[in-house]
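Taken together, the values in this text are just the output of simple stated rules run on the coordinates, not laboratory data. Nothing here was measured: the structure is a model prediction, and the numbers come from that model. Heads up, the Cβs are rebuilt from the backbone with ideal geometry, glycines too, and the neighbour counts pull from every protein chain shown.
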Amino acid sequence: MIIPINIEAKDSKKYNIYIQELQELKFNTKVAIVTNPTVAKFHLQRALSVIKAPLVEVIEVPDGEEYKNIDTVLDILDKLFESKFDRKSTLIALGGGVIGDMTGFTASMYQRGINFVQMPTTLLAQVDASVGGKTGVNNKYGKNLIGAFYQPKAVHIDPVFLDTLPPREFSAGLAEVIKMAVMFDREFYNFLKEADFENRDDIVKIIAKSVTLKANVVNQDEKESGIRAVLNYGHTFGHVVENLTNYTTYLHGEAVAIGIVMANELALNLGLLSQEEADDIKKLLIKSNLPTNFEIKDVEGFYEHFFLDKKSSNGEIAFILPNGKIGTNIIKRDIPKDTIIKVLKKFEGS
Ligand SMILES: NC(=O)c1ccc[n+]([C@@H]2O[C@H](COP(=O)([O-])OP(=O)(O)OC[C@H]3O[C@@H](n4cnc5c(N)ncnc54)[C@H](O)[C@@H]3O)[C@@H](O)[C@H]2O)c1
Ligand SMILES: [Zn+2]
């Protein structure tokens with residue numbers, strides 16, 4: 001299956017997303033595959049076997065979000081200079097979102113920008129991170145604060161990669177899928193309720209639909225000035241949960257699942273979602289083996305954390321909510337503090 005992307009920017013950018021087992025990829029320039037030891041162990045041979053190029057270099061970086069920083073990017077750049085990569089060379093990101101974000105960012109900088117290709121290997125990267133051209137790294141001030149919008153030349157999504165993915169990582173990817181279904185597509189949401197997450201055909205349908213939904217949003221709003229913000233459903237609360245637990249307790253998608261439950265509670269309070277639908281979404285999260293509970297110890301402290309997020313730097317918090325029912329969305333920026341506190345109190349623990 002091929003999903004075309006056509007971003008309507010001044011310098012119109014077009015590329016394809018391929019969802020299929022990897023096929024031969026021909027390059028007439030030098031290619032470097034950026035990956036990590038975990039992914040390389042399982043999938044590097046598979047990738048190497050399809051890439052045909054005059055020179056294929058493998059650049060391994062350590063595995064982990066803690067290495068998603070400028071130092072690792074500088075290491076990759078050094079390797080490219082050592083191997084005399086030129087402006088026509090191509091970088092291939094073979095890995096999850098961490099590898100994808102760093103490789104894309106490196107490609108955006110090397111000699112003012114070289115081609116890059118995404119080969120995402122986690123569900124999260126396949127349905128979300130590899131689509132849309134956000135690239136970047138973390139620093140001590142926060143996550144993804146240094147980066148660039150830089151679109152790949154192609155995205156090759158091979159569902160076979162997922163066979164080796166730990167179940168928790170798989171579920172974390174499903175959280176982003178559920179997010180998109182609740183925001184944009186009731187029919188897809190119903191499909192997810194019935195789907196068998198261990199069935200290859202169902203997984204391919206899930207990837208294809210998610211990519212289409214995300215691509216549609218990105219095509220309309222590459223730089224997140226409007227509708228792209230809707231992809232942050234569950235994230236306003238989820239980021240606080242990640243932050244309060246020092247990014248160690250939950251995977252990002254798990255925190256998003258909790259954030260979705262919290263956002264739904266807020267929507268319920270504002271008359272934007274029925275109790276029945278909020279419960280239904282929670283059931284789907286549980287079916288996906290995602291957490292749905294979080295005990296807030298300090299409600300005021302939780303509220304204060306919203307303002308640490310880069311997306312609320314002007315003192316306004318954007319809440320992304322269903323707009324009356326599943327499959328619709330609204331961005332709310334004017335919710336009184338009292339209302340939010342009331343919602344947070346619902347999650348208050350001892
Ligand atoms: N650019 C975007 O639009 C965007 C969107 C969402 C998330 N992100 C970023 O993506 C990152 C999270 O991505 P992620 O969830 O893929 O995490 P990740 O890249 O850290 O991968 C998770 C773990 O799975 C391993 N792994 C990857 N593929 C595997 C496979 N096929 N088999 C076995 N193990 C495998 C990885 O080595 C890692 O240990 C975050 O840094 C986040 O900021 C970016
Ligand atoms: Zn996310």
For segment 72-81, what does the Karplus curve 6.51 cos²θ - 1.76 cosθ + 1.60, with θ = phi - 60°, yield as ³J(HN,Hα) per residue in whole Hz, taken in order and with x for Gly and Pro? 5, 4, 5, 4, 5, 4, 4, 4, 5, 5
Please report the antiparallel percentage of DSSP beta bridges with both residues in the chain, rounded to the nearest 5. 35 percent
Just to confirm my numbers, what's the Cα centroid distance between segment 126-153 and segment 194-211 in Å? 25 Å
HN-Hα J couplings of segment 269-276 from phi, Karplus 6.51/-1.76/1.60, θ = phi - 60°, integer Hz, Gly and Pro as x? 4, 8, x, 9, 7, 7, 4, 4
Which pairs, out of Lys214/Lys287; Lys134/Lys214; Lys287/Lys342; Lys52/Lys209, put more than 21 Å between their alpha-carbon atoms? Lys214/Lys287; Lys287/Lys342; Lys52/Lys209
Can you classify the chain as rounded, prolate or oblate using the Cα gyration tensor, where a ≥ b ≥ c are the square roots of its eigenvalues, rounded means a/c under 1.5, and otherwise it's prolate if a/b beats b/c and oblate if not? prolate
Packing-based order for 315-323, 152-160, using average beta carbon neighbours within 10 Å, highest first: 152-160, 315-323
Filtered hits (lysines, Cα-Cα < 20 Å from Lys337, offset >= 8 within chain) -> Lys297, Lys310, Lys311, Lys345, Lys346
For Gly95, list long-range residues whose amide hydrogen, built 1.01 Å from N in the peptide plane, is under 5 Å from its own amide hydrogen. Met119, Thr121
For the Cα atoms of the chain, what angle does the longest principal axis make with the long axis of helix 235-244, in degrees from 0 to 90, nearest 10? 90 degrees
Under the Karplus curve 6.51 cos²θ - 1.76 cosθ + 1.60, θ = phi - 60°, whole-Hz ³J(HN,Hα) for segment 91-96, x wherever Gly or Pro sits: 9, 10, 8, 10, x, x
